[in-house]
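Have a look at the structure below before the remarks.
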Amino acid sequence: MIQSRRLILLLGLSVLMACQASSSAEEEETSFNVLFLAIDDLNDWIGCMGTHPDVRTPNLDRLAQRSVLFTNAHCQAPICGPSRSSLLSGLYPSTTGIYAQIRTPGLMRNETIQKTTFLPKYFEANGYHTMGAGKIFHDAGPEDAFQEYAGRLGGFGPKPKERFKYTPPPGVIGNTQTDWGAFPESDDKMPDYKIAEFAVQKLKSNLKEPFFLAAGFYRPHVPWYVPDKWFENYPLDRITEPEIDPNDLDDLPEISRQVHEIPAMPQRDWMIANNETTNAVQAYLASITFVDAQVGKVLNALEKSPYLENTIVVLFSDHGYHLGEKHRWAKHSLWEEATKVPLMIYVPGMKRGNKCSKPAGLIDIYPTLLDLCGLPPNAMNEGKSLRTLLENPKAQWNRPISTVYGRNNVALRTETHRYIHYENGEEELYDHQKDPNEWKNLAGSEQYRNLMDELKNYLPSEAALWDTTSNLGVNTYFIDHIERN
């Protein structure tokens, strides 16, 4: 009898210890650190996405091999300010009214923003130590956004005393930093070099865990200035330029032309007349490879650190960029080149090297990280956790992802189509299975009416009025549009 009791006691202790071990294992599994890598103005020209034959991105490709790479990810606004505000707040621009660039004081006065919590602050509130450097918000962001913030570390500089290539014509609406050329002499003068060094030094130190470490890189945002050694990767006689249809804009509704006009940026005729198309593509590619090297330093530091096996890595760009497509050298559009972004997420223990073609958005990063780290959901998040797709990239996923450019101008991207609906009801539709360049607007064909009517159901039911501190003086359309909205 005594032996039986001892046996029962031992079995009970074994079960208790097993439960505790299981609980500890679950706790350990969800106590991930986060390495948050943001890149500015990077379109889908990275090697692992197979969209440009010349580009060299060995470090981004290396991260993709151990991550899930979302090949159909899109920003929620095709310019920095509203895209980053949306990502970091977890709210669509159509909810906040932040449709354009906005400075921190205006951002913090937005009544809807005041009701939620920015992503790094949410992690801080749940026991994380937060650190950041470079461009995370559109500008420096709230003073208390991170417990440690190294600053912008030089922003879009350094810049030469005079432009190398492009100066906007006098009297046009708007302005631009667009220019290109080899400058400065060495990498260590570049802000991105310093941002990488900040992250590297943090990963080499004895960090308080769990931590949220953010590094926001500036290139390939204009001006496309990087040291000459990065240009040497791309000899001018071997540059592949994007395919261009000279009649590409002929089937667009008039409102599309008005919305997408951007006179301060280099125009197609100017680029051709001055023989600058190849030079500009070269400079953009050089800027990409430069920032890839800075990301590589951070990844190397993580791999050599004790944090590799319990740190999630998320890398993304805030929007894409046109390099001549649609006759444009700019972002600021509802077409594929401006909305599509690289997005890759590495989760220790998950299957590596998968690609996912389901439509995803930057707005999904916030709820995804909370889900993966075992933190309570933020009820205000309007995105959707991508965990299902991380575990099974082919899982059923029927939601299109939306991008807005101004109030009630909306693009919806499905796995196969892009649908654009403008404030006056005019439309564009592109079939990406047959027309990846978006050269043929199908919206005028009745055979696609049912598809477009179905997609209309995903347009915002109510779109907030423009935040009065959010401004976009890039053309006459938007000057009038903001006054009306």
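Given D467, D480, D453, which one is surrounded by 20 or more Cβ atoms within 10 Å (Cβ to Cβ), acidic (D, E) and more than 29 Å from N354 (Cα to Cα)?
Of the residues listed, the single one that is surrounded by 20 or more Cβ atoms within 10 Å (Cβ to Cβ), acidic (D, E) and more than 29 Å from N354 (Cα to Cα) is D467.
Quick check: anything in the range 129-145 in contact with a strand residue (DSSP E or B) (Cβ under 8 Å, 6 or more places away or on another chain) and aromatic (F, W, Y)?
Within the range 129-145, none of the residues are in contact with a strand residue (DSSP E or B) (Cβ under 8 Å, 6 or more places away or on another chain) and aromatic (F, W, Y).
What do you reckon, is L42 modelled with pLDDT of 95 or more and either at negative phi or out of contact with any strand residue (DSSP E or B) (no Cβ under 9 Å at 6 or more places or on another chain) (or both)?
yes
Inspect the range 61-80 for any residue being farther than 22 Å from P367 by Cβ, of a type in the set (A, V, I, L, M) and not in a helix (DSSP H, G or I) and give the result as yes or no.
Yes.
Name the single residue that is modelled with the highest pLDDT among those in the range 170-191 being in a loop (DSSP other than H, G, I, E, B) and among the small types (G, A, S).
So, considering only residues that are in a loop (DSSP other than H, G, I, E, B) and among the small types (G, A, S), the one modelled with the highest pLDDT is S186.
Just to be sure, is L249 touching a His at 6+ places or on another chain (Cβ under 7 Å), of a type in the set (A, V, I, L, M) and in a loop (DSSP other than H, G, I, E, B)?
Yes, satisfied.
Mind checking which pairs have a first residue in the range 140-156 that is modelled with pLDDT under 95 and a second that is among the charged types (D, E, K, R) and part of a loop (DSSP other than H, G, I, E, B), Cβ under 8 Å, 6 or more apart or different chains?
Listed by first residue and then by second, the contacts come to A140/R152; R152/K135; R152/D139; G155/K135.
So which residues in the range 97-120 are more than 20 Å from S333 (Cα to Cα) and of a type in the set (S, T, Y)?
Once the filter is applied, which keeps residues that are more than 20 Å from S333 (Cα to Cα) and of a type in the set (S, T, Y), the range 97-120 yields T104, T112, T116, T117.
Does the range 418-438 hold any residues that are in contact with a strand residue (DSSP E or B) (Cβ under 8 Å, 6 or more places away or on another chain), farther than 15 Å from N450 by Cα and surrounded by fewer than 20 Cβ atoms within 10 Å (Cβ to Cβ), and which are they?
Scanning the range 418-438 gives a single hit, H432.
Report, by residue number, each residue of the range 201-224 that is part of a strand (DSSP E or B) and either among the aliphatic types (A, V, I, L, M) or crowded, with 23+ Cβ neighbours inside 10 Å (or both).
F212, L213, A214, A215, G216, F217, W224
Quick test for you: out of L87, L37, pick the one residue that is assigned to a helix (DSSP H, G or I), touching a strand residue (DSSP E or B) at 6+ places or on another chain (Cβ under 9 Å) and under 20 Å from I363 (Cβ atoms). Steps first, answer last, please.
Working: L37 fails: assigned to a helix (DSSP H, G or I).
Result of the check over L87, L37: L87.
Considering only residues that are farther than 26 Å from P266 by Cα and among the aromatic types (F, W, Y), look in the range 130-188 and name the one that is surrounded by the fewest Cβ atoms within 10 Å (Cβ to Cβ).
Ranking the qualifying residues of the range 130-188, first place goes to Y149.
Going through K165, K121, K194 one at a time, which residue ends up being at pLDDT 95 or above, closer than 30 Å to G473 by Cα and among the charged types (D, E, K, R)?
Only one candidate passes the filter, namely K165.
Looking at (1) touching a strand residue (DSSP E or B) at 6+ places or on another chain (Cβ under 7 Å); (2) over 22 Å from D44 (Cα atoms); (3) without any contact (Cβ under 8 Å) to a residue 60 or more places away in the chain, which is the one condition that is false for N206?
Unmet for N206, out of (1) touching a strand residue (DSSP E or B) at 6+ places or on another chain (Cβ under 7 Å); (2) over 22 Å from D44 (Cα atoms); (3) without any contact (Cβ under 8 Å) to a residue 60 or more places away in the chain: (1).
Is one or more of the residues making up the range 250-265 over 30 Å from E423 (Cα atoms), surrounded by fewer than 23 Cβ atoms within 10 Å (Cβ to Cβ), of a type in the set (S, T, N, Q) and touching a helix residue (DSSP H, G or I) at 6+ places or on another chain (Cβ under 9 Å)?
Checked against the condition, which is being over 30 Å from E423 (Cα atoms), surrounded by fewer than 23 Cβ atoms within 10 Å (Cβ to Cβ), of a type in the set (S, T, N, Q) and touching a helix residue (DSSP H, G or I) at 6+ places or on another chain (Cβ under 9 Å), the range 250-265 yields no hits at all.
The values are calculated or read from the model by the stated rules, or taken from the named source; none is laboratory data. Here the structure is a predicted model, which is why all the values come from computation and not from measurement. When we count neighbours, we look across all protein chains shown, and the Cβ atoms used for this are built from the backbone with ideal geometry, even at glycine.
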